[in-house]
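Below is one structure, written out as structure tokens; comments come after it.
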Amino acid sequence: MNRLGTASALLAVCGVVLTGCGAGQISQSAGQEAAINGAAANVGPVELRNVHLQAVQTSDFLQPGDTVPLMFVAVNNSPDVDYQLVGINSEVGTVSLSGDGAIPASEALVVGLADGQPATLPSDKGKPAVAEVTLSKPITNGLTYNFTFDLGKAGTATVAVPISAGSADRQQ
């Protein structure tokens with residue numbers, strides 16, 4: 001009887017230990033991400049979403065001198081404070097911005113037109129802003145490149161930006 005009691009207690013302890021191993025763990029499907037090509041970052045109350053370079057690559061690298069569009073959406077989550085996209089810098093090239101970089105309170109700034117995105121969002125006042133990168137270094141698909149976003153009083157953030165070919169036809 002003593003052996004049976006000891007074996008039962010040992011099995012009970014093993015059961016508690018094994019079931020406790022998963023406590024506090026995050027399941028693989030608990031953290032969901034948007035099905036987009038780009039990266040994301042937060043700068044204070046401003047969210048940068050779907051940040052990517054859009055370029056169809058026809059050789060091993062996009063070469064210095066090539067110009068590629070930088071695309072993203074900046075969403076201002078502040079209900080009463082306006083922000084401004086002051087500038088974007090990168091070690092792979094010079095970023096030129098055109099259009100208004102204002103990000104009004106509770107609205108979004110659309111920079112570039114990604115595939116499948118409507119030409120304007122309900123909050124857009126006109127044409128979307130445009131950001132183009134004139135490359136100073138070769139870049140290629142499969143890697144990410146650092147871009148630093150200066151959002152004035154909201155702060156700055158460095159984002160690892162991928163290249164997306166968009167919905168271009170596959171190369172054979």
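Bear in mind these aren't lab numbers, they're just calculated from the coordinates by the rules spelled out. All values derive from a computational prediction rather than experimental measurement. In this analysis, Cβ positions are derived from the backbone assuming ideal geometry, glycine residues included, and neighbour counts consider all displayed protein chains.
Structure notes:
- Temperature 20 °C, viscosity 1.002 mPa s: under these conditions the Stokes-Einstein estimate for the range 39-162, based on its Kirkwood radius over C-alpha pairs, is 146 µm² per second.
- Placing pseudo-labels 7 Å out from each Cα toward the beta carbon at K137 and F61 gives an inter-label distance of 1.0 nm.
- Scanning residues 5 or more positions from E107 or on other chains, those with amide H under 5 Å from its amide H are N76, with H placed 1.01 Å from N in the peptide plane.
- Interchain or long-range residues, amide H under 5 Å from V86's placed H: D150, L151, G152
- For peptides 70-76, 50-56, 80-86, sequence by mean Cβ density within 10 Å, most packed first: 70-76, 50-56, 80-86
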